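Take a look at the structure below.
The values are calculated or read from the model by the stated rules, or taken from the named source; none is laboratory data. Please read all numbers here as calculations on a predicted model, not as lab measurements. As a convention, Cβ positions derive from the backbone with ideal geometry for all residues, glycine included, and neighbour counts pool all protein chains shown. Calculation scope for accessible area: heavy atoms of the full protein, side chains included, ligands and nucleic acids excluded. Shrake-Rupley method; radii C 1.70, N 1.55, O 1.52, S 1.80 Å.
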Amino acid sequence: MSYPGPGWPQPPYGGYPARPSTAPAYIAAALFAVCAVLSLVVSIISWDGSTRSIEAVISVPGMAFSEDITGNVDFGISTGISVACTFALFAILLAARLAFARWITVVLGAVVVLYYVYAVIKVLVDGGGEFIAALALSLVLWLIAEIVVLLPAVGQAMRGYR
């Protein structure tokens, strides 16, 4: 490694480039953990499909397809719990800074974000605009987590970065 000439600032840390911060990976993991917990909570609240918490019922991942597939809430609840557990696992793997987990999380997170966009449109078209608050909150949280995990700083925080 060559050093700059006189009058130039010396490189930090004795000539070695600064290591990237690991904080972005932990922030992305925390955001996906929040999304996973939210999905699990609304799935458990909506377990019986009762209408006392209609906002929670429609914000369960997969609930927009539930009526078409099984005719009841079973598909939505099982999908919501599966999404929650999957992203809880990948949040742990992101916190461990495993690079492959970042890309799997990006792909699966994009699927969930696209689902929530579809669900918001479907609820608005069906005339349920007054019940959209929890659904919109879920969409925003998943979208923020997806954007953060795509940031270059998160990629640099992963272990295999060169």
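Quick notes on this structure:
- Separation of the range 31-49 and the range 112-153, taken as the distance between their Cα centroids, equals 14 angstrom.
- Probe 1.4 Å, protein heavy atoms only - accessible area per residue of the range 37-83 in square angstrom: 51 Å²
- Where labels lie 7 Å past Cα in the beta-carbon direction, separation of Asp74 and Ala99 in nm: 4.4 nm
- In plain terms, the chain from Val106 to Glu130 could stretch by 5.6 nm, reckoned as 0.36 nm per residue minus the Cα-Cα distance.
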